[in-house]
Amino acid sequence: MPLSIMKKIWSYCTYNKPFFLLVFILFFVLEYFMDTYSNFNTKRAFLIVMLINIILCGYGMTISRDRMNNGIRLPKIMIKDIIVLGIKSYIVFTVYLLVQGYVLDLICSPLNFPEFDLEDMLLKLPETLHTLYSHNPVDALAFIIIGSILFYITSFFMEIALGRLADTNNFKTAFNLLKIKSDIDLIGWRSYTKEFTAIVVAIVLFGAFKYIVIPVEILNYIWNVFLDLLLISAQFLGIGAIYSRIKEKKSNFDFSKSQ
């Protein structure tokens, strides 16, 4: 299933190859400026990096929305939509990641482990294995099991929150936890877990290609930016795919009620 997801992501991104090249060039420029200004500890650098993150989040959200509407290729670059959705989604990301970080820190600190991020740990597997090996096996097992469960639950809510935002453009819907839970109930927690895991594995497999190092520095940088674009597309396409199932379930439920 993850390989099938990867194939669909590749087909979606490269459906219109000239446009994909344009998006890649713009993405390359944004990532270059982000990498450059991330090295400076100034207010101007912080604002530039934040603006780039907003743009990336905004375009990602248009990908999610396009997927919900059965899109088959990267969406057009609509500046207003990107900025509006970017600002809203950036705030949603920040709030949910702060909550997730606080919750996960409750298990990391007592066990003397670094901050838990399942995707990041899998993407940096050699470092992760070294960290686990250097700790008590019981603590390491508790860290993985409890951390994974908490990561899944908090990520479940964040992904649906972003899906609701992409669909409605309504900021408040992203923080209605009861509605988000009812959305998850609609497709089933087991089914959601299976789909979410497949998406995470697909992202990790794309990330694994970063271990391929090209000797020429500029070509290696281009290669990594190319993979970053696929990783971001995978994440937001995953959000759109899952929420499109929720919309379909809601539509079928409303139709059956009207009969």
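The values are calculated or read from the model by the stated rules, or taken from the named source; none is laboratory data. All values derive from a computational prediction rather than experimental measurement. Every residue, glycine among them, receives a Cβ derived from its backbone with ideal geometry; neighbour counts consider all protein chains shown. Calculation scope for accessible area: heavy atoms of the full protein, side chains included, ligands and nucleic acids excluded. Shrake-Rupley method; radii C 1.70, N 1.55, O 1.52, S 1.80 Å.
Residue by residue, here is whether (1) of a type in the set (V, I, T); (2) open to solvent by less than 40 Å² (accessible area, probe 1.4 Å); (3) at pLDDT 90 or above holds:
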| position | (1), (2), (3) |
| --- | --- |
| G147 | no, yes, no |
| Y152 | no, no, no |
| D167 | no, no, yes |
| D185 | no, no, yes |
| V201 | yes, no, no |
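Search the range 161-172 for residues that are in a helix (DSSP H, G or I) and pair each with any residue that is at pLDDT below 90 and among the polar types (S, T, N, Q) when their beta-carbon atoms are under 6 Å apart and the residues are at least 6 apart or on different chains.
none
Would you kindly identify the helices (runs of 4 or more DSSP H) lying entirely within the range 1-118 that contain at least 2 residues that are small (G, A, S) and either at pLDDT 95 or above or open to solvent by less than 20 Å² (accessible area, probe 1.4 Å) (or both)?
Answer list for the range 1-118: 43-68, 79-111.
Determine, yes or no, whether R190 is open to solvent by less than 60 Å² (accessible area, probe 1.4 Å), among the charged types (D, E, K, R) and assigned to a helix (DSSP H, G or I).
Spelling it out, it is not the case that R190 is open to solvent by less than 60 Å² (accessible area, probe 1.4 Å), among the charged types (D, E, K, R) and assigned to a helix (DSSP H, G or I).
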